[in-house]
Amino acid sequence: MAQEKSVSRHDHYAAFDGLRGLAAISVVLFHIGHWLNVPWLAANSDLAVGFFFCLSGYVMVLAYGRKLEQGISFISFVRIRLIRLMPIIVLGLCISFLYLLMRVFVKHENVAPVALVLSFALGLVNLPYLNAPAVIGGPEIFPLNGPQYSLFLEIVANFVWAGVRRLNGLIVSFSLAVLCYGVVLWDGIGGDESRTFWLGFPRVGASFFLGIALFHFDKRYLQKLSWGAVVWPTVFFTGVAIMLVTFFWPVNVPALGTWFWIPLLSPLLILSGAKVRLSGTLRSLSLLGGALSYPIYALHYPLFCWINGIYQIIMAHRDVRIEGPLILVAVLGLSYLALRFVDEPLRDRLARYALPKNGLSSAP
């Protein structure tokens, strides 16, 4: 049986990065639609959160599984992940906090100082603020930056996986994914607000542990197949088309479609993306989209607050035809600047001082 040509890690990341970029931009458009009362805009792109979790599980094993087996400490892994994630989290928090201060001092909004300080302090250490007052963004558990809840869940899942090494296997991870998925089917999806806070853990578990199981299934079975060079690109690009149609369908998909997305469509995208070679302009755009996906996701809410707030001060009304393109362009441009001039330099400096001198990196 002929062996399928190997695909380098960098080629893996090119396809994965393209998916990340598309998903991140879709989430921005979804939130613009909700914040500016255009609910049909990217109406189902909230499904991207589950995709991010699933892809994270696959990439965690790909990037760190062998290093953990070879003996890097749990503390070193924690440092790696915090250096990777926290600079942008803190930057987004500071942008939102300054906006809240502007509302207090310019618009004279009545915000309790304790709530103000507590929201900032908890956000700095990426911990939820349960029962936050509505004036600062409650009932979101991260009132200064709502999407930060998924980054909190991401970090929790990463640490649980690294701390309990027995979870890093096909049978155990698949069983955990099925168990968490059953809870999601029974109780629904949540995690972003105080009343649904605990539902975030089965939500991340269903997708994250499925991603781990996918990696081991891929390594154990799919890499031995000879027909993948022809089939996987077709599966991948068909899956991308289905993803975009689903995300941008102007009405909410039925619940059945949501349940198929987590255990079927997301995994197919990831498995096929791991087998696809991208080249030329598509590869370059994919790598750029992947690099920008995290700052886009983590910064789009704080940037929206400022742009929408200033626009309403000047124009005294909302207009999605002007604000929508303005917000999207600003998020893309400022995310690029944040990546190049804040996130990457800061991560490099922190890695030099905080990581062991054995070639470990804070990427991906």
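The values are calculated or read from the model by the stated rules, or taken from the named source; none is laboratory data. Note that the coordinates shown come from a computational prediction; the quantities given were computed from them, not determined experimentally. Here Cβ is always computed from backbone atoms with ideal geometry, including for glycine, and neighbour counts include all displayed protein chains. For accessibility, only protein heavy atoms count, side chains too; no ligands or nucleic acids. Shrake-Rupley method; radii C 1.70, N 1.55, O 1.52, S 1.80 Å.
Below are the figures for this structure:
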quantity	calculated
Those aspartates and glutamates that a straight Cα-Cα span of less than 20 Å connects to Lys107, excepting residues fewer than 8 apart in one chain	none
Within a Gaussian network of the chain (alpha carbon springs, distance under 10 Å), most fluctuating of Phe53, Phe197, Phe16	Phe197
Cβ charges +1 (Lys, Arg) and -1 (Asp, Glu), total dipole of region 255-364, debye	420 debye
Ala316 versus Leu130: modelled label distance in nm, points set 7 Å from Cα along the beta carbon direction	4.4 nm
Percent accessible area from carbon and sulfur atoms, the chain, protein chains only, probe 1.4 Å	69 percent
Read-out log10 I(q)/I(0) by the Debye sum over Cα atoms at q = 0.10, 0.11 Å⁻¹, derived from the coordinates shown; its label in (1) -0.63, -0.77; (2) -0.53, -0.65; (3) -0.72, -0.82	(1)
Gaussian network model of the chain, springs between alpha carbon atoms under 10 Å - residue of Tyr311, Tyr99, Tyr294 with greatest fluctuation	Tyr311
Relative packing of peptides 208-219, 169-180 - highest average C-beta neighbours within 10 Å first	208-219, 169-180
Assigned charges on the beta-carbon of Lys, Arg, Asp, Glu; the chain dipole about Cα centre (debye)	1120 debye
Of Gly257, Gly71, Gly290, the one that fluctuates the most in a GNM where the chain has Cα springs shorter than 10 Å	Gly71
Gyration tensor (alpha-carbon) shape descriptor, region 163-291, a/c threshold 1.5	oblate
Helix-only [θ]222 nm of the chain, DSSP H runs n ≥ 4, -39500 (n - 2.57) each, per residue, nearest 500	-22500 deg cm²/dmol
Nearest-ten-degree value, helix 148-163 long axis tilted from longest Cα axis of the chain	40 degrees
Region 98-116-region 38-93 distance, computed between alpha-carbon centres (Å)	32 Å
Net lengthening on full extension, Leu285/Asp187 (0.36 nm per residue, minus Cα-Cα)	31.4 nm
Average accessible surface area per residue within the chain, 1.4 Å rolling probe, Å²	46 Å²
For region 23-81: rounded, prolate or oblate by the Cα gyration tensor [a/c cutoff 1.5]	prolate
Calculated FRET value between Arg66 and Gln223, using beta carbons and R₀ = 25 Å, to 0.05	0.95
J(HN,Hα) series, region 195-204, from Karplus relation 6.51 cos²θ - 1.76 cosθ + 1.60, nearest Hz, glycine and proline x	6, 10, 3, 5, 5, x, 6, x, 4, 5
R0 of 41 Å, Cβ-Cβ distance Val245-Arg352: FRET efficiency to nearest 0.05	0.35
Gyration tensor verdict on region 211-364 (Cα atoms; rounded if a/c is under 1.5, prolate if a/b is larger than b/c, oblate otherwise)	oblate
Kirkwood hydrodynamic radius of region 51-124, Cα pairs, Å	15.2 Å
Three semi-axes of the equivalent ellipsoid, region 40-196, Cα gyration tensor, whole Å, largest first	33, 20, 13
